[in-house]
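FYI, it's all coordinate maths here, none of it is from the lab. Keep in mind it's a predicted model, so treat the numbers as computed, not measured. Note that we place each Cβ from the backbone using ideal geometry, even for glycine, and neighbour counts take in every protein chain shown.
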């Protein structure tokens with residue numbers, strides 16, 4: 001069996017970079033009542049459109065029970081809500097509230113600064129190449145599933 005060097009493992013590097021970025025972001029978002037960066041992602045998603053719980057799970061790649069628990073916590077904080085779909089009365093959709101929109105408006109500068117801090121670690125050309133390569137990998141992996 002071939003020895004795998006963690007420094008040469010894409011999966012491991014992606015995982016470590018993701019963990020480091022999430023750790024920093026979650027530390028900064030804690031003052032706003034977020035227990036995870038996943039909550040921020042959901043709030044950002046819902047600022048664009050209302051979605052069902054399943055759609056939120058699918059887009060965020062989270063399992064449905066975890067998503068349900070997280071959404072329940074966010075509903076208690078009154079930053080999101082649920083209502084019947086206008087297209088399909090059997091379906092409920094999750095939406096962002098005015099309180100959620102205000103919260104999102106206040107935390108976006110922090111999120112943007114966190115991203116800029118990481119982006120400054122490499123030059124502009126490298127950043128452009130990185131996005132090109134990562135998008136290529138992501139698109140090809142999605143097409144294979």
Region 93-111 residues near the modelled residue 32 label - backbone nitrogen below 15 Å, point 7 Å along Cα→Cβ: 96-111
Between 0 and 90 degrees, rounded to the nearest ten: what's the tilt of helix 98-119 against the longest Cα principal axis of the chain? 0
Give me the one-decimal nm value for the distance between modelled label points at residue 142 and residue 127, 7 Å along each residue's Cα-to-Cβ direction. 2.2
Along its three principal axes, how long is region 59-145 when you only count alpha carbons? Whole Å, largest extent first please. 48, 37, 24
For region 88-127, go through all pairs of different Cα atoms, get the mean of 1/r, take its inverse, and jot down that Kirkwood value in Å. 13.1
Label-point separation (nm) for residue 64 and residue 135, each offset 7 Å from Cα along Cα-to-Cβ? 3.3
For the pair residue 75 and residue 95, the simple spin-label estimate (label points 7 Å beyond Cα toward Cβ) gives in nm 1.5
Rg (one decimal) and Dmax (whole number) from the Cα set of the chain, in Å, equal 17.8, 56
Relative contact order %, region 1-79, counting alpha carbon pairs below 8 Å whose residues are six or more apart: 16
0 to 90° range, to nearest 10: angle between helix 64-76 axis and the chain longest Cα axis: 60
With the 8 Å Cα cutoff and a minimum separation of six or more residues, the chain has a relative contact order in percent of 19
